[in-house]
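Just below is one structure, and these are the notes that go with it.
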Amino acid sequence: MKKVIFLTCILFANFTLVFAANYKDQNYFIKKGYIARQHYTHFDDSALKDEFQDEVYFAACVLSNIHQYKTIGDVGCGSGYKLLKYFKECNTIGFEIQPTLDFLQKAYPYREWCISDFSTKPARQECELIICSDVIEHVEDPDQLLSWIDQFNFQYLVISTPDRDRLIHVWTDSCYGPQSQSGPPVNITHIREWNFKEFEKYVSQYFDIVDHFHCTREFYGQVVVACKKRV
């Protein structure tokens, strides 16, 4: 009997893993025929401050102030500048990969920094607010990222990514050539890009969406505010 239960648990676990990753077969809800980039290129933004995605962090800060959150997690926090700019009074946990993680630990040794390894459980799971700003387009397996974020015990998630439809206007006159709606992205560090409707449909498979809007200054940016799915 114990052996049967054990095998059942294994089968259920394997089914859960397959189910969690099945959106790859649907191209993560990006339109049919879209071609993603096949090779990952690391983007090191440790030298950046608030030149990009500042509105995303501002929106997260407003949400945090309304609810008086004290613990903020930032997945793919980059240089850490925007996290500390808006949440210096909070307990912050920044998640990054190497070599950026080493940079953060040396630059801000009084703050908490953890490795972002989507194949293992998060080092810290208690965060009232999670930020994931313009990270998902760089990730080879976004299912793995969203499943990893879902392991946190959070109240709200603020996640952003460029809107592919609006990026057309950014790249049209650039030296890199026009942006194609069929991919791969012009930005060589982006694996894939979603438009507004695609991204909402994809994120809603994992979380309940509370709000979804475009940025003002960076008009091509889209932001989703979400919470845990109601059981």
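All other residues with a Cβ under 12 Å from the Cβ of residue 197 taken together, and with Lys, Arg as +1 and Asp, Glu as -1, what is their net charge?
Here the count lands on -1.
Please order 217, 192 by the number of other Cβ within 10 Å, starting at the fewest.
Fewest to most other Cβ atoms nearby, the residues stand as 217, 192.
Near the amide H of residue 212, under 5 Å away, which other amide H atoms are found, from residues 5 or more places off or on another chain, if H is placed in the peptide plane?
Those qualifying (amide H under 5 Å, at least 5 residues apart or on another chain) are 225.
Ordered by residue, what ³J(HN,Hα) values in Hz, to whole numbers, does the range 149-161 give under the Karplus form 6.51 cos²θ - 1.76 cosθ + 1.60, where θ = phi - 60° and Gly and Pro are x?
So the J values, rounded to whole Hz, are 4, 5, 6, 6, 8, 10, 9, 9, 10, 10, 10, 10, 6.
Pick out which of 94, 183, 33 has the largest mean-square fluctuation in a Gaussian network model of the chain, springs linking Cα atoms closer than 10 Å.
33
With only alpha-carbon pairs counted, each pair once and no self-pairs, how large is the Kirkwood hydrodynamic radius of the chain in angstroms?
Result for the chain stands at 18.6 Å.
Just to confirm a number: summing +1 for Lys and Arg and -1 for Asp and Glu over residues other than residue 130 whose beta-carbon lies under 12 angstrom from that of residue 130, what do you get?
-2
Rounded to the nearest 500, what is the chain's calculated 222 nm mean residue ellipticity when only DSSP H runs of at least 4 contribute -39500 (n - 2.57) each, over all residues?
-9000 deg cm²/dmol
Tell me, what ³J(HN,Hα) does each residue in the range 209-225 have, in order and in whole Hz, if you take phi through Karplus 6.51 cos²θ - 1.76 cosθ + 1.60 with θ = phi - 60° and put x for Gly and Pro?
Running phi through 6.51 cos²θ - 1.76 cosθ + 1.60 with θ = phi - 60° gives 7, 9, 8, 8, 8, 8, 6, 8, 5, 8, 4, 7, x, 10, 10, 10, 9 Hz.
Count the DSSP beta bridges whose two residues both fall in the range 27-228, then state the antiparallel fraction as a percent rounded to the nearest 5.
40
None of the figures in this text is laboratory data; all of them are computed from the coordinates on show. All values reported here derive from a predicted model rather than from experimental measurement. Cβ sites come from the backbone with ideal geometry, for glycine too, and all protein chains shown count toward neighbours.
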